[in-house]
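> Before we start, here is the structure in question, set down as structure tokens.
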Amino acid sequence: IQTYGLIEDTTEADYERGMGVNFKGHVWMCKYAVPALRARGGGAIVCTSSVQALATQQTVAIYAASKAATLTLVKAISMDHAHEGIRINAVLPGSVDTPLLRGAAESLNPGHADEVIATWGKTHPIGRVIKPEEVAKLVLFLCSDDAKVITGASYVIDGGLMAKIPVILPD
């Protein structure tokens, strides 16, 4: 979840909800997944972070912090369980066409979410936002035997967004 606002306007409830869903959800999922994976001889966990763990927009401090915390959790847990054949990785999407993104777009321009999302897509070098199934394919790869040696890693899947320097040069 992503709540917008300045840090001085953040309530304890905003903090608890943002960290609870975005970070603590991963903590508890890993707590229960690791023993189950150990019992079956190994496996993979993929946590969802965000490019906002690396660089952030304005007014999303708790969201960005929760996504950065997830990256550190992935690294730490992966070191604890790699010897058991349990792999933990993270995906860091850019803007993905999800209900969360559509809700934000709708709140900015009611009735015109598609137009807002198309505008946001133009900020990505690929010229559009990412489709959920594109992220899912990366997750499936990280869970596959083809990724047996990958653990403690984070994969940016953002249509080139993080590679772009936001400078407008003259034609």
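The values are calculated or read from the model by the stated rules, or taken from the named source; none is laboratory data. Nothing here was measured: the structure is a model prediction, and the numbers come from that model. Note: ideal-geometry Cβ built from the backbone for every residue, glycine included; neighbour counts use all protein chains shown. Note: areas computed on protein heavy atoms with side chains; ligands, DNA, RNA excluded. Shrake-Rupley method; radii C 1.70, N 1.55, O 1.52, S 1.80 Å.
> Order 63, 32 by their accessible area, 1.4 angstrom probe, all chains in place, largest first. Intermediate values should be presented prior to the final figure.
Working: 63 25, 32 150 Å².
Correct descending sequence by accessible area is 32, 63.
> What 222 nm value per residue comes from the helices of the chain, counting each DSSP H run with n ≥ 4 as -39,500 (n - 2.57) and dividing by all residues, nearest 500 deg cm²/dmol? Numbers along the way, then the final one.
Numbers: 6 runs with 75 residues, N = 171.
Only helices count here, giving -14000 deg cm²/dmol.
> Among 158, 145, what's the order by accessible area (1.4 angstrom probe), most exposed first? Numbers along the way, then the final one.
Details: 158 15, 145 115 Å².
So the residues, ranked largest to smallest area, are 145, 158.
> Let me ask you something else. Per residue, how much accessible area does the chain show when a 1.4 Å probe rolls over the protein heavy atoms, in square angstrom?
Numbers: 10020 Å² over 171 residues.
Dividing the accessible area of the chain by its residue count gives 59 Å².
> Still on this structure, I have one more. Might you work out the accessible area of residue 122 for me, using a 1.4 Å probe with all protein chains in place, and round it to the nearest 10 Å²?
Rounded to the nearest 10, the figure is 150 Å².
> Would you mind calculating the relative contact order of the chain from Cα pairs under 8 angstrom and at least 6 residues apart, reporting the percent as a whole number? Provide the component values of the computation, followed by the final result.
Working: 251 pairs, mean separation 41.3, N = 171.
Reported relative contact order: 24 percent.
> State which helices in the chain qualify, where a helix is a whole DSSP H run, it must extend 24 Å or more along its own axis by its Cα atoms, and its mean Kyte-Doolittle hydropathy must be at least 0.0. If you can, show how the numbers build up before the last one.
Details: long enough: 61-81 (30 Å, 0.70).
Once both thresholds are applied, what remains is 61-81.
> Given a 1.4 Å probe and heavy atoms of the protein chains only, how would you sort 83, 124, largest accessible area at the top?
Numbers: 83 150, 124 5 Å².
Order by accessible area, largest first: 83, 124.
> Same structure again: State the percentage of accessible surface on the chain attributable to carbon and sulfur atoms; use a 1.4 Å probe and exclude ligands, DNA and RNA. Numbers along the way, then the final one.
Working: 6020 of 10020 Å².
Here it works out to 60 percent.
> A further question on this structure: Among all the lysines, which ones have a C-alpha under 21 Å from residue 67's C-alpha, if same-chain residues fewer than 8 places away are not counted?
24, 31, 75, 131, 137, 164
> Further, regarding this structure: If each of residue 28 and residue 12 carries a label point 7 Å out from its Cα toward its Cβ, how far apart are those two points in nm?
For the pair residue 28/residue 12, the computed spacing is 1.9 nm.
> Looking at region 127-157, which trypsin sites (Lys or Arg not before Pro) are DSSP coil and have at most 13 other C-beta atoms within 10 Å of their C-beta? Could the numbers behind the result be given before it?
Details: sites: 128, 137, 148; in loops: 128, 148.
Answer in residue order: 148.
> Connecting C-alpha atoms closer than 10 Å in a GNM of the chain, tell me which of 22, 109, 89 has the biggest fluctuation.
109
> What net charge do the residues around residue 88 carry, taking every other residue with its C-beta under 14 Å from that of residue 88, with Lys and Arg at +1 and Asp and Glu at -1? Please list the in-between numbers first.
Values: positive: 31, 38, 75, 87, 148; negative: 80, 84.
Net charge around residue 88: +3.
> How far apart, in nanometres, would the label points at residue 48 and residue 79 be if each is projected 7 angstrom from Cα along the Cα-to-Cβ direction?
Label at residue 48, label at residue 79, 2.8 nm between them.
> For an R0 of 30 angstrom, estimate the FRET efficiency from the Cβ-Cβ distance between residue 153 and residue 119 and round to the nearest 0.05. Provide the component values of the computation, followed by the final result.
Working: r = 32 Å, r/R0 = 1.06.
The computed FRET efficiency comes out at 0.40.
> Got the relative contact order for region 26-115 handy, in percent, Cα pairs under 8 Å and 6 or more residues apart?
On the way: 98 pairs, mean separation 28.5, N = 90.
Taking the mean separation of contacting Cα pairs over the length of region 26-115, I get 32 percent.
> Only sites in a loop by DSSP and with at most 14 other Cβ atoms within 10 Å count here; which trypsin sites (Lys or Arg not before Pro) in region 1-109 make the cut?
Sparse-neighbourhood loop trypsin sites (Lys or Arg not before Pro): 40.
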